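Colleague: There's a structure below that I have some questions on.
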Amino acid sequence: MTSSAGDPGTDRAVAAEDDLPEQMRVRRAKRDRILAEGREVAEVLEAVPFFGSLYDVFINAVARPSTVSAPDYAAVSRAFYTAVHSVLTGTETAADAMAIAEADIQDITGLETGAPTAD
């Protein structure tokens, strides 16, 4: 998006990016409260029992890396897509493609690599 300073669209985009960390904290607090209470979890597990095996996925999942990679989302998404595509087309092994993607994403975002740590 190309626009000048003071453009309402740009101002909204900047404001939305500024709000992301607070929105994430609110969502996590709500999720943690719901999980601690257990009532919604119990209702869901009664209706769909196999969700119990996905519990860790649900509480740790991120729908997409837009909150972490914010201004670089397109580049991060492209790096991930390229890695997956290279595996599906047989030009890279999965391990090699993910190593390349990890290095590319680190270059794009400056984030540390490796296994996630608990907050």
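The values are calculated or read from the model by the stated rules, or taken from the named source; none is laboratory data. A quick note: this is a predicted structure, and the numbers were derived from the prediction, not measured. With ideal geometry, Cβ positions are generated from the backbone for all residues, glycine too; neighbour counts draw on all protein chains shown.
Colleague: Could you run through the stretch 88-97 and say how many residues are surrounded by 12 or more Cβ atoms within 10 Å (Cβ to Cβ) and either part of a loop (DSSP other than H, G, I, E, B) or modelled with pLDDT under 95 (or both)?
Modeller: Number satisfying all stated conditions: 1.
Colleague: Where the second residue is modelled with pLDDT of 70 or more and the first is surrounded by 11 or more Cβ atoms within 10 Å (Cβ to Cβ) and lies in the stretch 18-32, which pairs have Cβ atoms under 6 Å and are six or more apart or on separate chains?
Modeller: From residues that are surrounded by 11 or more Cβ atoms within 10 Å (Cβ to Cβ), the pairs are Leu20/Thr67; Met24/Thr67.
Colleague: Determine whether the stretch 51-68 contains at least one residue that is under 14 Å from Ile108 (Cα atoms) and either part of a helix (DSSP H, G or I) or touching a residue at least 40 places away in the same chain (Cβ under 8 Å) (or both).
Modeller: Yes: one or more hits.
Colleague: Select from the stretch 4-53 the residues that are closer than 18 Å to Pro71 by Cβ and modelled with pLDDT of 65 or more and list them in ascending order.
Modeller: Matches in the stretch 4-53: Pro21, Glu22, Gln23, Met24.
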